[in-house]
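So the structure is just underneath, and the comments pick up after that.
The values are calculated or read from the model by the stated rules, or taken from the named source; none is laboratory data. Note that the coordinates shown come from a computational prediction; the quantities given were computed from them, not determined experimentally. Backbone-built Cβ (ideal geometry, glycine too); neighbour counts: all protein chains shown.
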Amino acid sequence: MTPGQFPRMLQSAIQTAITRKGVAVVGLPGDLAKASSVSADSSVKNYPAPPEVCPAEEDLAQLADLLNNHKRITLFCGIGCRGAHEEVIALSEKLNAPVVYTFKGKMEVQYENPYEVGMTGLLGMPSGYYSMHEAEVLLMLGTDFPYAAFLPDDIKIAQIDIKPERLGRRAKVDIGLCGDVKMSIQALLRMLNPKTDDTFLLKQLKRYEGVKKDLAAYTEDKGDINKTHPEYVMSEIDKLASDDAIFTVDTGMTCVWGARYLQATGKRHMLGSFNHGSMANALPQAIGAALAYSDRQVIALCGDGGLSMTLGDLETVIQYKLPIKIIVFNNRSLGMVKLEMEVDGLPDWQTNMLNPDFAQVAEAMGMTGFNVSDPEEVLTTLLNAFELDGPVLVNIMTDPNALAMPPKIEFGQMVGFAQSMYKLLINGRSQEVIDTINSNYKHIREVF
């Protein structure tokens, strides 16, 4: 690279990052950094012009024909539905279609939506799963959902996505259209016949009401000393957080509780390592969010495993005076890894964490820190933390045996879990089995 080439490459990198909504990296050699700059032949500004793409009329007509000739239709919405909330609601209303969404799409779709029935996927709910599998047609809108095991394979599937290379990549799609979700729905609505039979929709909404009651039940029991139920903690965070809060969630069990208990408002955002599932992402993402949106509340929801990998970032938070509220779900283990081992029939091994006192570590670096062992102190501590100016870390001792049930439990998973419990018993770890049962007795109804 030469001094004459650098301005063009820099402009191209910034333009690419903006238009593709991703990361662009420019390598700057040391000798070039010392060189004198030259005037740029390329533009010195950027053009954040989102493309407006609509499928061809005949392709939309084919999709409309499919939807008009089937009764049971479910919408499956991803992050591509951002900015199309009004259109998704209108489409659902016209088709009497329940609305399922991905984790990435939750904050864009869930709020003020009388037709939503929850998420599907590993972190999802039975209502979302069965709404898709009991449909005749599944319409995927702006999602590249990667978990094929949760997608139906015996119904008609149509997909609309702005990136044509994603069409049919994850599912056996009957109709695939390239287009912006908002524009595509606007054009499609004119071709659809309103449906009057709402039997399928009401059935799925009724199931969703039952799922929500089950989720609420897990928050009513706060837990015991050093075993606070994480569901309760996350539900309280949801109530206390501002309407435009930015949440960052660590990969693992914290992601599960965030997916199920943090509610969308239309202004909130949730960041996670949704594509790669990398650990220890919450605190670095919170730093970026706080720098980009200094006027908004930023809450980092960290696991103890994730925070242990990024303790140095606490110093960055202090140095830049970022008012991030860091909530540590400290279950003294790599919870998701432990659960994955158990459902495979393996007793957990090397998943326990020997943690420092995270609150004292935070205070040693210059921020306020709280330790919470008693579930009765969770609410008051969170209130204090959110009211304080500047960064705060709240270290909450959560139940290490809390389980996250998938939306559909396979027989093999039950067998594997039973095998792991048996192996714990014969290896003298009977108390762990008893603790697991006591922590998760409310899940029995979900299993059967």
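Summary of computed values
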quantity: Residue within region 331-352 that is farther than 23 Å from MET125 by Cα and in contact with an Asp or Glu (Cβ under 6 Å, 6 or more places away or on another chain) present; calculated: no
quantity: Residues located in region 245-263, provided they are in a loop (DSSP other than H, G, I, E, B) and buried (at least 24 other Cβ atoms within 10 Å of the Cβ); calculated: ASP250, GLY252
quantity: Residue among ARG268, ARG190 that is among the basic types (Lys, Arg), more than 25 Å from ASP399 (Cβ to Cβ) and touching a residue at least 12 places away in the same chain (Cβ under 8 Å); calculated: ARG268
quantity: Filter result for ASP198 (out of contact with any Asp or Glu (no Cβ under 9 Å at 6 or more places or on another chain) and among the acidic types (Asp, Glu)); calculated: yes
quantity: Search result, residues across region 367-383 that are surrounded by 14 or more Cβ atoms within 10 Å (Cβ to Cβ) and either within 16 Å of LYS325 (Cβ to Cβ) or aliphatic (A, V, I, L, M) (or both); calculated: MET367, THR368, GLY369, PHE370, ASN371, VAL372, VAL378, LEU379, THR381, LEU382
quantity: Test result for SER278, under 24 Å from MET119 (Cβ atoms) and in a loop (DSSP other than H, G, I, E, B); calculated: yes
quantity: Count - residues of region 69-81 that are in contact (Cβ under 8 Å) with a residue 40 or more places away in the chain and outside any helix (DSSP H, G or I); calculated: 9
quantity: The lone exception for ILE326 - which of (1) surrounded by 17 or more Cβ atoms within 10 Å (Cβ to Cβ); (2) within 15 Å of the chain's Cα centre (by Cα); (3) under 24 Å from PRO391 (Cβ atoms) it fails; calculated: (2)
quantity: Residue match in region 82-95 (condition: in the same structural domain as THR143 (by TED's automatic domain parsing), polar (S, T, N, Q) and under 26 Å from the mean Cα position of the chain (by Cα)); calculated: yes
quantity: Filter result (buried (at least 19 other Cβ atoms within 10 Å of the Cβ) and in a loop (DSSP other than H, G, I, E, B)) within region 302-321; calculated: THR310
quantity: Subset of region 352-394 (residues that are in contact with a helix residue (DSSP H, G or I) (Cβ under 8 Å, 6 or more places away or on another chain), polar (S, T, N, Q) and farther than 13 Å from LEU311 by Cβ); calculated: THR368, ASN371
quantity: THR228 among the hydroxyl-bearing types (Ser, Thr, Tyr) and surrounded by 22 or more Cβ atoms within 10 Å (Cβ to Cβ); calculated: yes
quantity: Residue in region 88-97 that is in contact (Cβ under 8 Å) with a residue 12 or more places away in the chain and either at positive phi or not in a helix (DSSP H, G or I) (or both) present; calculated: yes
quantity: ALA135 being of a type in the set (Gly, Ala, Ser), in a helix (DSSP H, G or I) and either touching a residue at least 24 places away in the same chain (Cβ under 8 Å) or assigned by TED's automatic domain parsing to the domain that holds SER184 (or both); calculated: no
quantity: Residue in region 170-197 that is modelled with the lowest pLDDT, counting only those that are surrounded by 15 or more Cβ atoms within 10 Å (Cβ to Cβ) and of a type in the set (D, E, K, R); calculated: ARG170
quantity: Residue selected from region 12-44 under the condition in contact (Cβ under 8 Å) with a residue 12 or more places away in the chain and not in a loop (DSSP other than H, G, I, E, B), by the criterion farthest from LYS163 (Cα to Cα); calculated: LEU32
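Every residue, every condition in (1) of a type in the set (S, T, N, Q); (2) crowded, with 22+ Cβ neighbours inside 10 Å; (3) under 30 Å from LYS267 (Cβ atoms), yes or no:
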| position | (1), (2), (3) |
| --- | --- |
| THR102 | yes, yes, yes |
| GLN110 | yes, no, yes |
| VAL117 | no, yes, yes |
| GLY124 | no, yes, yes |
| SER131 | yes, yes, yes |
| GLU134 | no, no, no |
| TYR147 | no, no, yes |
| PRO164 | no, no, no |
